[in-house]
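Engineer: I have a structure I would like to understand better, so I am pasting it below and will then ask my questions one at a time.
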Number of protein chains: 4
Amino acid sequence: MILVIRPDATEAQIAHVIERVEELGFRPHVSRGEQRTIIGVIGDERKPQAETFGAVPGVEQVLHILKPFKLASREFQKADSVVRVGKVRVGGGHLAMVAGPCAVESFEGLDCIAGHVKKAGANILRGGAFKPRTSPYAFQGMGEEGLKILRDVGDKHDMPVVTEVMDPRQVSLVEKWADMFQVGARNMQNFDLLKEIGQARKPVLLKRGMSATVKDLLMSAEYVLAGGNPDVVLCERGVRSFEDSTRNMLDLSAVPNVKGQSHLPIIVDPSHATGRPDLIPAMARAAVAAGADGVHVEVHDCPEKALSDGPQALLPDQFVKLMQDVRKLASAVGAQVD
Amino acid sequence: MILVIRPDATEAQIAHVIERVEELGFRPHVSRGEQRTIIGVIGDERKPQAETFGAVPGVEQVLHILKPFKLASREFQKADSVVRVGKVRVGGGHLAMVAGPCAVESFEGLDCIAGHVKKAGANILRGGAFKPRTSPYAFQGMGEEGLKILRDVGDKHDMPVVTEVMDPRQVSLVEKWADMFQVGARNMQNFDLLKEIGQARKPVLLKRGMSATVKDLLMSAEYVLAGGNPDVVLCERGVRSFEDSTRNMLDLSAVPNVKGQSHLPIIVDPSHATGRPDLIPAMARAAVAAGADGVHVEVHDCPEKALSDGPQALLPDQFVKLMQDVRKLASAVGAQVD
Amino acid sequence: MILVIRPDATEAQIAHVIERVEELGFRPHVSRGEQRTIIGVIGDERKPQAETFGAVPGVEQVLHILKPFKLASREFQKADSVVRVGKVRVGGGHLAMVAGPCAVESFEGLDCIAGHVKKAGANILRGGAFKPRTSPYAFQGMGEEGLKILRDVGDKHDMPVVTEVMDPRQVSLVEKWADMFQVGARNMQNFDLLKEIGQARKPVLLKRGMSATVKDLLMSAEYVLAGGNPDVVLCERGVRSFEDSTRNMLDLSAVPNVKGQSHLPIIVDPSHATGRPDLIPAMARAAVAAGADGVHVEVHDCPEKALSDGPQALLPDQFVKLMQDVRKLASAVGAQVD
Amino acid sequence: MILVIRPDATEAQIAHVIERVEELGFRPHVSRGEQRTIIGVIGDERKPQAETFGAVPGVEQVLHILKPFKLASREFQKADSVVRVGKVRVGGGHLAMVAGPCAVESFEGLDCIAGHVKKAGANILRGGAFKPRTSPYAFQGMGEEGLKILRDVGDKHDMPVVTEVMDPRQVSLVEKWADMFQVGARNMQNFDLLKEIGQARKPVLLKRGMSATVKDLLMSAEYVLAGGNPDVVLCERGVRSFEDSTRNMLDLSAVPNVKGQSHLPIIVDPSHATGRPDLIPAMARAAVAAGADGVHVEVHDCPEKALSDGPQALLPDQFVKLMQDVRKLASAVGAQVD
């Protein structure tokens, strides 16, 4: 960490800064330039006390050098993590193809969609039982009943299942029925939920918040890892922007950005990112070409009757075509769908 | 709601759209223009089924006409709501001056700060016992112990107290000790938490999410109102933007924007919005001039030793000056600090 | 266009709205719903007068139905435009691989870089002679001298050349020496410049502004097309966002988004979008997979001595690898580098 | 400037970095921490060569310490600049109240509006003769004819006039007729235009670009100042954001933010920032309370017939009320409208 001293700081202030640095267990390294004095702070800048330097009189700026996450970092683990979701491997060249409806609506409905996506090549089934809806008047999901249906349909089609958990009180219930937790964008910084999942024994699909930086995403992963659960798969799903023709803005550069600094797998969700079926296939191809560890797509056989997010779902035929494209691109970049 | 039909839609598709409109209990009103056919959908567009029209083949766009919230709207209640926090009124010309440290750290520390802010004119004491921190390694708050200290200090200085609640499981505990819940920006769309607070009998300070629109904020308020709790005070605290010299971008236009369409009080938090003590006083003045129902400011008597967010806190003397300015501006716009 | 009437509008106001609609040469189509009256405005909503309806008393919202551009639209021209830059075709499956240094610095320097990129497979040479720099104290480019060097080196290596034009007064000079104009992000809405290029007879590479929507970009293309110059190639190069680990946020969804509504080719510039050589190759691959008509990359054989933007340039070896990847992906999606 | 060295950098790389630092005329100051080596670069980091350090192998990050602008900085000039526009002073407690229609449409129309705003207390008249319009089919302004009308009306009402200039070729023409140039948001980084205005002898109102940071704005001011023209008034007019209920997001914190680091006056334009007459008065009040040196408001006596931006204009009566409020707030913060 580096403290940049104000040009008008007094010598007494500088002495006090140095004192604080030592008091908090760091070593100061003073360097007087032509225009500014700077003080290097030697020691582990991740210590909580390090935050306070910005408030010491005379300090103009605090420049951080180290990344604030540890367990999620490439420095901590060089090799790519491979996360197991049921029998499916995610990461290290193995692509997760997660597909299914936005919400579980009935056994028959989900069974039909699962049959389609499984046949097309999807390897993980998704479906929401607890739905985070902007409006209190919108369909909120089937709850536990939906979890059971998801389990049954997953078993019937031999696919592991992933479903969203929104409330720390639901973690054990969801863990009982699903193979993987999903933490949605709105809950990426619901720290109590992350802590609870850190105690669980199932992997988690952690979606990037709508205004979260890549660093914020990795810090949220760090919460789960620090809690003892090593099985985190990240998911880029678009962030908010001024562009009003798509639901969100897909930040595909997050894929190589994460991979450079973390060993965790990262997949891409073009359905929520764009909200537009006409853009989803191109973005799924781009994700695989960029090195993503998988794609997450909403599929519905009758979007106009879906109770949630129908307009952004692909039809089964469109998903078949998407899978063909993804396989072609995967082989061009040395990855594979198991 | 209005459905814009694609220019290449077939007559059969148009007939099917009309059929769906009727099937879902709406009345269609067809209008054929030179370049597009549009179908007015007459009925309550807030019905959950209304979402699905975007997925019907042949529909190019769905245009919404009505606001998606009801109980929070000015149409529902014309007069400004006045929310009581302990004995303090907020709204309708009564300004909430909420001040205190970021986190409760000790009885002595909080007592000292409370003495300062009370004397300067603050009428609600704040202090966090449960802290949402980006890093799992940062100070997470004192928990229940902190709540008790907050209560005691509030009582000693005759100030109602507000504190953050992050987890639905903490709602009853926080309700026991505090006069007002705070829902932080990261939890604005933690819908299970909002539902739990909707069941409670204490008012809530609901902060705008970092990527939430004004409409999203009002929809989250609607969750609490729909649950049966009418006492919601909104808080603008800045949103994420590309500007990198302030922590967030304070959207002061949210104040008149909210007031035009909702009866709920709205206050402004320039501390979290800017993250810079040099900008806080000017933004507090601007908030009051814009018609805000109060200001929320972090104050610490020794920011360099604060365990959380020290660098953004005002010193007691700076807060005294801020209160003087606020009073002057309040009287210029016809508001008052009780 | 649709006018939504305020719920509290008087009958006299509604009558006045209808009168204005007719006065401006449109036909009104009134529809009274349960909660709102709406008035369809039948006629060409691109007429300048149409803007004014929002100011008529009683009008709450104006909803637009048609796209505001014509010549750039797919409705105007179904087939993909193929733009010729010298002998190189761009669009319709032919990829532009534009490479070169940020700025022209000397004949020898550019000659060396051109040799590298040509050999690797680039088909258009880039290099700036007029540089838009945030700081007035930064290197501003070699001007006309740079244009001549660019021409000479392009001829020597048999590559057409593209270079930025910033000032309407430079258009004829740049047209004399270069094969293609570049309009940079900062000038995307420099309308006088666009008009001047509309009069020219060379193609233009039009970069998306840092806060421009896809619609804004197409409207700027419309300026050039409306001026009589049909040869516009668009370029996605990232927009501003809160993410602070990349220079901008690359919006790859703009590629299929543009292709759905326009016949114009669109290429992608991952160099300016990310500002990070470690992310450029992945984003180049993703661009081609998403259906882009080419890639624009900065290459320098000694980035640490480049006078402008050195840190974001690829080394020649990195570009060779990038070209190999791009060819592989191009063939997977049915495109080719001529 | 500080160079952070990669943890895996070799000693040879570090030696090379040090060599480059010395070669470019700086002095290196090496500090080896527990986790990273950092190299302080002592000397004027505004030198163009300083940019290239990020490209030197082994360098992980370049941290800047100094502000990149000089003439615009408070360090260069401690006292507030007071800019004269005709006889009107702007800055140092003197508020510019700039008002008028979006575009000059006729002598009679402008004369009528000028009469209203002058009487209400505006001290500078605005009106566009050259209009930057997103669409090539929209009204582009009256050109020179409009400039003459503006001059005549300004003279008749004894008000200095400000009008937009978009093209470097128009600078001398505009200088002939107007008292102040306006550079619009879209041209804030039109550097050739800024250079031309730097040579002129009239003041300039420089509006913040829609995706410009405060630093970018000050750098553009630096272009004008470096060209020899000291009379720059900045204008905050909102930036692009995800909030879709206002045209832009007004960043009022830019006011104290600019004032802390620059001596230049800054005014606020709530008309373009919000695009909504219902929000403009509150934002004008907030601007003055925040310490702005004035307000810029569009006024039209018949917005529904305005050829440009009618829906965002205030009516004369609304402006009268706004001026009353502004005076009240100005006196509360120690400023005045002359």
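Engineer: For B:Val288, only one of the following conditions fails: (1) closer than 23 Å to D:Asp278 by Cβ; (2) in contact with a Cys (Cβ under 6 Å, 6 or more places away or on another chain). What is its number?
Structural biologist: Only one criterion in (1) closer than 23 Å to D:Asp278 by Cβ; (2) in contact with a Cys (Cβ under 6 Å, 6 or more places away or on another chain) is unmet by B:Val288, namely (2).
Engineer: If you go through the stretch B:73-90, how many residues are of a type outside the set (Val, Ile, Thr), in contact with a Gly (Cβ under 6 Å, 6 or more places away or on another chain) and open to solvent by 40 Å² or more (accessible area, probe 1.4 Å)?
Structural biologist: Summing the residues that are of a type outside the set (Val, Ile, Thr), in contact with a Gly (Cβ under 6 Å, 6 or more places away or on another chain) and open to solvent by 40 Å² or more (accessible area, probe 1.4 Å) in the stretch B:73-90 gives 1.
Engineer: Just checking, does the stretch A:82-93 include any residue being over 23 Å from the mean Cα position of the chain (by Cα) and on the phi > 0 side of the Ramachandran plot? Before the answer, list the steps.
Structural biologist: Taking the stretch A:82-93 and keeping what is over 23 Å from the mean Cα position of the chain (by Cα), we get none.
No, that holds for no residue.
Engineer: Another question, if that's okay. Please go through the stretch A:133-149 and pick out each residue that is over 18 Å from A:Ser172 (Cβ atoms) and in contact (Cβ under 8 Å) with a residue 40 or more places away in the chain.
Structural biologist: Filtering the stretch A:133-149 down to residues over 18 Å from A:Ser172 (Cβ atoms) leaves A:133-140, A:142, A:149.
Hits for the stretch A:133-149 are A:Arg133, A:Ala138, A:Phe139, A:Ile149.
Engineer: So, of the residues in the stretch A:301-314 that are in contact (Cβ under 8 Å) with a residue 60 or more places away in the chain and open to solvent by less than 20 Å² (accessible area, probe 1.4 Å), which turns out to be farthest from A:Leu110 (Cα to Cα)?
Structural biologist: Out of the qualifying residues, it is A:Gln312.
Engineer: Which of the residues that make up the stretch A:150-169 are of a type outside the set (Asp, Glu) and within 28 Å of A:Gly198 (Cβ to Cβ)?
Structural biologist: Across the stretch A:150-169, the qualifying residues are A:Leu150, A:Arg151, A:Gly154, A:Met159, A:Pro160, A:Val161, A:Val162, A:Thr163, A:Val165, A:Met166, A:Pro168, A:Arg169.
Engineer: Could you tell me whether the stretch A:238-249 includes any residue that is surrounded by fewer than 24 Cβ atoms within 10 Å (Cβ to Cβ), outside any helix (DSSP H, G or I) and among the small types (Gly, Ala, Ser)?
Structural biologist: Scanning the stretch A:238-249 turns up at least one residue that is surrounded by fewer than 24 Cβ atoms within 10 Å (Cβ to Cβ), outside any helix (DSSP H, G or I) and among the small types (Gly, Ala, Ser).
Engineer: Which one is nearest to the other protein chains (Cβ to nearest Cβ), of the residues in the stretch D:139-190 that are among the β-branched types (Val, Ile, Thr) and over 21 Å from D:His272 (Cα atoms)?
Structural biologist: For the stretch D:139-190, the residue satisfying everything is D:Val171.
Engineer: Please state which one of A:Gly115, A:Gly109, A:Gly93 is surrounded by fewer than 24 Cβ atoms within 10 Å (Cβ to Cβ) and under 21 Å from A:Ala292 (Cβ atoms).
Structural biologist: Details: A:Gly115 fails: under 21 Å from A:Ala292 (Cβ atoms); A:Gly109 fails: under 21 Å from A:Ala292 (Cβ atoms).
After applying the criteria, what remains is A:Gly93.
Engineer: Please determine whether any residue of the stretch B:10-21 is in contact with a Phe, Trp or Tyr (Cβ under 7 Å, 6 or more places away or on another chain) and surrounded by fewer than 16 Cβ atoms within 10 Å (Cβ to Cβ).
Structural biologist: Checked the stretch B:10-21: no residue is in contact with a Phe, Trp or Tyr (Cβ under 7 Å, 6 or more places away or on another chain) and surrounded by fewer than 16 Cβ atoms within 10 Å (Cβ to Cβ).
Engineer: From the list D:Ser271, D:Ser262, exactly one residue is more than 9 Å from every other protein chain (Cβ to nearest Cβ), under 23 Å from D:Val161 (Cβ atoms) and at pLDDT 95 or above. Which is it?
Structural biologist: Numbers: D:Ser262 fails: under 23 Å from D:Val161 (Cβ atoms).
Selected residue: D:Ser271, the only one of D:Ser271, D:Ser262 that is more than 9 Å from every other protein chain (Cβ to nearest Cβ), under 23 Å from D:Val161 (Cβ atoms) and at pLDDT 95 or above.
Engineer: Considering the stretch A:119-166 alone, what residues qualify as being β-branched (Val, Ile, Thr) and open to solvent by 20 Å² or more (accessible area, probe 1.4 Å)? So that I can check it myself, show each step before the final result.
Structural biologist: Just the residues of the stretch A:119-166 that are β-branched (Val, Ile, Thr), to begin with: A:124, A:134, A:149, A:153, A:161-163, A:165.
The one that is β-branched (Val, Ile, Thr) and open to solvent by 20 Å² or more (accessible area, probe 1.4 Å): A:Thr134.
Engineer: Kindly provide the set of residues from the stretch B:74-94 that are out of contact with any strand residue (DSSP E or B) (no Cβ under 7 Å at 6 or more places or on another chain) and either in a loop (DSSP other than H, G, I, E, B) or closer than 30 Å to B:Phe26 by Cα (or both), ordered by number.
Structural biologist: Across the stretch B:74-94, the qualifying residues are B:Glu75, B:Phe76, B:Gln77, B:Lys78, B:Ala79, B:Gly86, B:Lys87, B:Gly92.
Engineer: Here's another thing I want to ask about it. Quick one: would you say A:Ala284 is surrounded by 24 or more Cβ atoms within 10 Å (Cβ to Cβ), over 28 Å from B:Leu24 (Cβ atoms) and touching a helix residue (DSSP H, G or I) at 6+ places or on another chain (Cβ under 7 Å)?
Structural biologist: So A:Ala284 passes the test.
Engineer: Could you please give the count of residues in the stretch D:19-50 that are closer than 24 Å to C:Phe139 by Cβ and more than 7 Å from every other protein chain (Cβ to nearest Cβ)? First the steps, then the outcome.
Structural biologist: Within the stretch D:19-50, the first condition is being closer than 24 Å to C:Phe139 by Cβ, and the residues that meet it are D:19-28, D:39, D:41-50.
With more than 7 Å from every other protein chain (Cβ to nearest Cβ) added as a condition, the list becomes D:19, D:21-28, D:39, D:41, D:44-45, D:47, D:49-50.
Residues in the stretch D:19-50 being closer than 24 Å to C:Phe139 by Cβ and more than 7 Å from every other protein chain (Cβ to nearest Cβ): 16 in total.
Engineer: Exactly one condition in (1) buried (at least 24 other Cβ atoms within 10 Å of the Cβ); (2) within 14 Å of chain B (Cβ to nearest Cβ); (3) closer than 27 Å to C:Thr52 by Cβ is not met by D:Ala292; state its number.
Structural biologist: Condition (3) is where D:Ala292 drops out.
Engineer: In addition: Taking strands (runs of 3 or more DSSP E) that do not extend beyond the stretch C:1-73, which have at least 1 residues that are among the small types (Gly, Ala, Ser) and under 25 Å from D:Arg247 (Cβ atoms)?
Structural biologist: C:37-42
Engineer: Going through the stretch A:250-293 one residue at a time, which ones are part of a loop (DSSP other than H, G, I, E, B) and under 15 Å from the mean Cα position of the chain (by Cα)?
Structural biologist: Across the stretch A:250-293, the qualifying residues are A:Leu250, A:Asp251, A:Leu252, A:Ser253, A:His263, A:Leu264, A:Pro265, A:Asp269, A:Ala292, A:Asp293.
Engineer: Take A:Ala254 and tell me if it is of a type in the set (A, V, I, L, M, F, W, C), facing chain B (nearest Cβ under 9 Å) and farther than 24 Å from A:Lys118 by Cβ.
Structural biologist: No; evaluated as a whole, the condition is false for this residue.
Engineer: Wholly within the stretch D:136-216, which strands (runs of 3 or more DSSP E) include no fewer than the required count, namely at least 1 residues that are in contact with a Phe, Trp or Tyr (Cβ under 6 Å, 6 or more places away or on another chain) and of a type in the set (A, V, I, L, M)?
Structural biologist: D:204-207
Engineer: The conditions are (1) over 17 Å from the mean Cα position of the chain (by Cα); (2) within 14 Å of chain B (Cβ to nearest Cβ), and A:Glu75 fails exactly one of them. Which is it?
Structural biologist: The number of the failed condition is (2).
Engineer: While we're here: Output yes when any residue across the stretch B:95-106 is over 27 Å from B:Gly334 (Cβ atoms), in contact with a strand residue (DSSP E or B) (Cβ under 9 Å, 6 or more places away or on another chain) and within 8 Å of chain A (Cβ to nearest Cβ), and no when none is.
Structural biologist: Within the stretch B:95-106, not a single residue is over 27 Å from B:Gly334 (Cβ atoms), in contact with a strand residue (DSSP E or B) (Cβ under 9 Å, 6 or more places away or on another chain) and within 8 Å of chain A (Cβ to nearest Cβ).
Engineer: If I go through the stretch C:6-37 residue by residue, how many of them are β-branched (Val, Ile, Thr) and in contact with a Lys or Arg (Cβ under 8 Å, 6 or more places away or on another chain)?
Structural biologist: Of the residues in the stretch C:6-37, 1 are β-branched (Val, Ile, Thr) and in contact with a Lys or Arg (Cβ under 8 Å, 6 or more places away or on another chain).
Engineer: Let me ask you something else. Identify the residue in the stretch B:222-237 that is among the aliphatic types (A, V, I, L, M) and facing chain A (nearest Cβ under 10 Å) and, among all such residues, is least open to solvent (accessible area, probe 1.4 Å). Can you show your working first?
Structural biologist: Here is the first cut: in the stretch B:222-237, the residues among the aliphatic types (A, V, I, L, M) are B:224-226, B:232-234.
With the extra rule that they be facing chain A (nearest Cβ under 10 Å), the set shrinks to B:224-226.
On the way: B:Val224: 1, B:Leu225: 22, B:Ala226: 51 Å².
Going through the qualifying residues, I end up with B:Val224.
Engineer: Which one is nearest to B:Gln189 (Cα to Cα), of the residues in the stretch A:120-135 that are away from chain B (no Cβ under 14 Å) and outside any loop (DSSP other than H, G, I, E, B)?
Structural biologist: Taking the stretch A:120-135 first, the residues away from chain B (no Cβ under 14 Å) are A:120-127.
Going one step further and asking which of them are outside any loop (DSSP other than H, G, I, E, B), we end up with A:120, A:124-126.
Numbers: A:Ala120: 35, A:Ile124: 27, A:Leu125: 25, A:Arg126: 22 Å.
Residue satisfying both the conditions and the ranking: A:Arg126.
Engineer: Next question, about the same structure. Within the stretch C:31-72, track down each residue that is more than 21 Å from B:Val62 (Cβ to Cβ) and open to solvent by 40 Å² or more (accessible area, probe 1.4 Å).
Structural biologist: Matches in the stretch C:31-72: C:Asp44, C:Arg46, C:Lys47, C:Pro48, C:Gln49, C:Glu51, C:Pro57, C:Lys70, C:Leu71.
Engineer: Here's another thing I want to ask about it. Please go through the stretch B:26-55 and pick out each residue that is out of contact with any Pro (no Cβ under 8 Å at 6 or more places or on another chain), modelled with pLDDT under 85 and over 29 Å from C:Ser73 (Cα atoms).
Structural biologist: Hits for the stretch B:26-55 are B:Gly43, B:Asp44, B:Glu45, B:Lys47, B:Pro48, B:Gln49, B:Ala50.
Engineer: Related question: Could you please give the count of residues in the stretch C:191-206 that are surrounded by 22 or more Cβ atoms within 10 Å (Cβ to Cβ), of a type outside the set (A, V, I, L, M, F, W, C) and either more than 13 Å from chain D (Cβ to nearest Cβ) or free of Cβ contacts under 8 Å to residues at least 12 places away in the same chain (or both)?
Structural biologist: Total meeting the criteria: 1.
The values are calculated or read from the model by the stated rules, or taken from the named source; none is laboratory data. This structure is a prediction, so every number in the text was calculated from the model and none was measured. All Cβ positions, even for glycine, are placed from backbone atoms using ideal geometry, and neighbour counts span all protein chains on display. These area figures cover heavy atoms from the full protein model, side chains too; ligands, DNA and RNA do not enter into them. Shrake-Rupley method; radii C 1.70, N 1.55, O 1.52, S 1.80 Å.
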